[in-house]
Amino acid sequence: MGNPPLTHLNLATAHQAAGRVEQAIPLFEQTVADRKRVQGSHHPYALANRLDLALAYWSTRDADRAIPLLKQVLADSRLMLGVKHPVTRAAIKAFKRVRAAGRPGSS
């Protein structure tokens, strides 16, 4: 039967790498839903996939969805994984980049 979260993630990543982020977002959203259903929302892979989704939103200038999701991923990963975990460190780095960039269209 395969691994639906991994299949959706691979397709999303391929679309994103090809510059088709708009097509990648529904696949990232499906990956997040699948991970939550199968592994729970606080599993390291689920947190990493939520981070991927937040960054995809950000790359399409959708700050209204990106920022709250990124903040939630950061809080959840700190709580569940600790500050030294690679997912938490990636979330911290992403949050710093987003904060430094400011809201899209606010200049």
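The values are calculated or read from the model by the stated rules, or taken from the named source; none is laboratory data. From a predicted model like this one, the values you see are computed outputs, not experimental measurements. Heads up, the Cβs are rebuilt from the backbone with ideal geometry, glycines too, and the neighbour counts pull from every protein chain shown.
Filtering Leu70, Leu6 for residues that are more than 13 Å from the chain's Cα centre (by Cα) and of a type in the set (A, V, I, L, M, F, W, C) leaves a single hit, Leu6. Would you point out the residue of segment 29-75, among those that are acidic (Asp, Glu) and in contact with a helix residue (DSSP H, G or I) (Cβ under 6 Å, 6 or more places away or on another chain), that is surrounded by the fewest Cβ atoms within 10 Å (Cβ to Cβ)? Once the filter is applied, the top-ranked residue is Asp34. Taken together, the criteria place Asp52 among residues that are within 26 Å of Pro4 (Cα to Cα), modelled with pLDDT of 95 or more, touching a Phe, Trp or Tyr at 6+ places or on another chain (Cβ under 6 Å) and part of a helix (DSSP H, G or I).
Contact map, segment 1-16: first residue closer than 18 Å to Lys36 by Cα, second residue basic (Lys, Arg) and modelled with pLDDT of 95 or more, Cβ cut-off under 6 Å, separation 6 or more or different chains; the map is empty. Being among the aliphatic types (A, V, I, L, M) and farther than 12 Å from Leu9 by Cα is a description that does not apply to Leu27.
Of everything listed in (1) closer than 19 Å to Thr60 by Cα; (2) surrounded by 19 or more Cβ atoms within 10 Å (Cβ to Cβ), the single unmet condition for Leu11 is (2). Output the qualifying pairs, or none if there are none: Cβ atoms under 7 angstrom, residues six or more apart or on different chains, first residue in segment 45-58 and more than 13 Å from Leu27 (Cα to Cα) and touching a residue at least 24 places away in the same chain (Cβ under 8 Å), second residue of a type in the set (Gly, Ala, Ser) and surrounded by 22 or more Cβ atoms within 10 Å (Cβ to Cβ). Going by the 7 Å Cβ cut-off, the qualifying pairs are Leu47/Ser77; Leu51/Ala91; Trp58/Ala66.
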